[in-house]
Amino acid sequence: MTTEKPLEQTLVPVLLGADLNCYNVARAFHEEYHVISYAFGRYALGATAHSRIVRFTAVPELNAAPVMVKTLTDFAKTQKGKILILIGCTDEYVDLIIQNKPLLQNDYILPYTTPELASRVSAKDIFCSYCQEYNLPHPKTVIIHPDSSLEQLNALPFSYPVVIKPSSSAVYWQHPFDGMHKVYIGKNKEEAEAIIKRIFASGYPLSLVVQDFVPGDDSRMYVLTAYADKNAKVKMMCLGHVLLEEHTPKGLGNHAAILTEVNRPLMEKLKAFLEGIGFVGYANFDIKYDERDGEYKVFEFNIRQGRSCYYVTASGANIARYLVEDYVNDALPEKCLFVEEPVYWRYIPDPIVYRYVNKDLAKRVKKCKKEGKAASSLRYAPDLRWNMKRYLFVQLHEHNHYKKYKKYYHP
């Protein structure tokens, strides 16, 4: 697809969501093409509130397929002659986009893989079998189904504590209950059994994944973001060394501070996996270094850009540019870019990072800052300048993290 008009006049990013992921994507498009993104979600969130670069519309039932399709087709009618790129910013919205491709593809560029492949790789239980097939190190795993006997918790092939999480995050969040967490840690058999019963009692109908707990603090975590083009060839890989994660119940596991690094053997192995399965679009891997055997264990695979994806854009691999060069300009380079630029990204105030990371990582962070290789998602000058409501939100948002870490993080 090509266009004779400047992209600033024709390109319209359409985002589903309102969280940090949404803002990161909108910022990438604004930095690269100076365009405003349109976002739709069930309710407004602070990350995109009072923003000049995101025009948000609340649609209460947007997670229902008929409502989503009608909302998007109606919007497309108001944008005749424009290039519309549709991007989901949560698992649920990505699933809806992929499952409704036939109804949306005439109006939108849809940079996603097939529904069949998406359903297989996004299920954490099935992903474990892919890890075995492609020799990807991963934590030892047991799958618990709603009708499974919990007696198998007495004979796990690994010791307690264990990690417990739903095989489908998108479906899991549709069955809310008190004390709901993103991920759970069962310290013993009794605790694990209670967690599992509570989740299934909510009506969650799919399987749960019980995994070996890989020891180590947040700094043992890594995130890898990759882009596979429309021909299923990987064109970009960016590895981030996680410094700190969030520790609130519903935010547990969200990345809060990252340093980019390079690990070619790990990156090449995941590149071969993505191309081997014929994947298309953005991929996001959660990884943890296991000091017990010196291997990087792949925890899960998300078929979208991650919530912390601005670390990629800040390192020079603007995530919006890859989409446009692929689907609009048909001009992606032949070779895959393995990002090597060291960049420090954070979503929280620097003093929190300095307080909790080790001296070596703190030294590397300060070096990046001194060299001007540091970025914060919400500190975007074009969106803060003469925008007092936005500025005050960002200040308060960052300040609140001091209380959150004091309350929830006890390393």
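The values are calculated or read from the model by the stated rules, or taken from the named source; none is laboratory data. Since this is a predicted model, take the numbers as computed values, not measurements. For neighbour counting, all protein chains shown are included, and Cβ atoms are generated from backbone atoms with ideal geometry for every residue, glycine included. Accessible surface areas use protein heavy atoms only, side chains included; no ligands, DNA or RNA. Shrake-Rupley method; radii C 1.70, N 1.55, O 1.52, S 1.80 Å.
Let's see if you can work this out: charge +1 on each Lys and Arg Cβ, -1 on each Asp and Glu Cβ, no other charges. What is the dipole magnitude of the chain about its Cα centre, in debye to the nearest 20?
Details: 52 positive and 46 negative charges, 295 e Å.
Roughly 1420 debye, rounded to the nearest 20.
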Q) Which of the following values of Rg/Rh (Cα atoms, Kirkwood Rh) was calculated from the structure shown: [x] 1.19; [y] 0.99; [z] 0.95? A) [z]
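Less than 9 Å Cβ to Cβ from V214, Lys/Arg counted +1 and Asp/Glu -1: what total charge do the surrounding residues give? All intermediate terms of the calculation are to be shown ahead of the outcome.
Details: positive: R220, K288, R292, K297; negative: D212, D290, E291.
Net local charge, V214 excluded: +1.
Over its Cα atoms, what ratio of radius of gyration to 2.2 N^0.38 Å does the range 159-225 give? It would help to have the intermediate numbers written out before the result.
On the way: Rg = 12.8 Å, N = 67, 2.2 N^0.38 = 10.9 Å.
For the range 159-225, the normalised Cα radius of gyration is 1.17.
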Q: Return one whole number: the accessible area per residue of the chain in Å², for a 1.4 Å probe.
A: 44
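If you roll a 1.4 Å probe over the chain with all protein chains in place, what percent of the accessible area is carbon or sulfur?
Solvent-exposed carbon and sulfur of the chain make up 52 percent of the total.
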Q: At 1.4 Å probe size, with no ligands or nucleic acids counted, give the accessible surface of T141 in Å², nearest ten.
A: 40
Q.
How large is the accessible surface of H50 in square angstrom, using a 1.4 angstrom probe and rounding to the nearest 10?
A. 100
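Report, in deg cm²/dmol and to the nearest 500, the calculated mean residue ellipticity at 222 nm for the chain, where each DSSP H run with n ≥ 4 adds -39500 (n - 2.57) and the sum is divided by the residue count.
Rounded to the nearest 500, the figure is -10500 deg cm²/dmol.
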**Q.** Within a Gaussian network of the chain (alpha carbon springs, distance under 10 Å), most fluctuating of L332, L396, L104
**A.** L396
Q. Which net charge results for the neighbourhood of K404, defined as the other residues with beta-carbon distances under 15 angstrom from its beta-carbon, given Lys and Arg at +1 and Asp and Glu at -1?
A. +3
Q: Let me see the pair-distance distribution of the range 314-405: every alpha carbon pair, 10 Å bin width, integer percents in order.
A: 13, 32, 32, 18, 4
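Give the average over all directions of the projected area of the C-alpha convex hull of the range 118-186, one decimal, in nm².
Working: hull surface 23.0 nm².
Its average projected convex-hull area is 5.8 nm².
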Q.
Which residue fluctuates most in the GNM of the chain (Cα springs below 10 Å): E245, E341, E268?
A. E268
(Q) Once ligands and nucleic acids are excluded and a 1.4 Å probe is used, how much of E340 is accessible, expressed in Å² to the nearest 10? (A) 130
(Q) Test of the criteria: in the range 358-411, which chymotrypsin sites (Phe, Trp or Tyr not before Pro) are in a DSSP loop and have at most 16 other Cβ atoms within 10 angstrom of their Cβ? (A) W386
**Q.** Residue (of C238, L274, A201) at the positive-pole extreme of the range 165-302, dipole from beta-carbon charges
**A.** L274
Q | Three-way shape call for the range 353-401 based on the alpha-carbon gyration tensor, with the a/c threshold at 1.5 | A | oblate
(Q) If the elastic network links every pair of Cα atoms under 10 Å, which of Y93, Y130, Y112 fluctuates the most in the Gaussian network model of the chain? (A) Y130
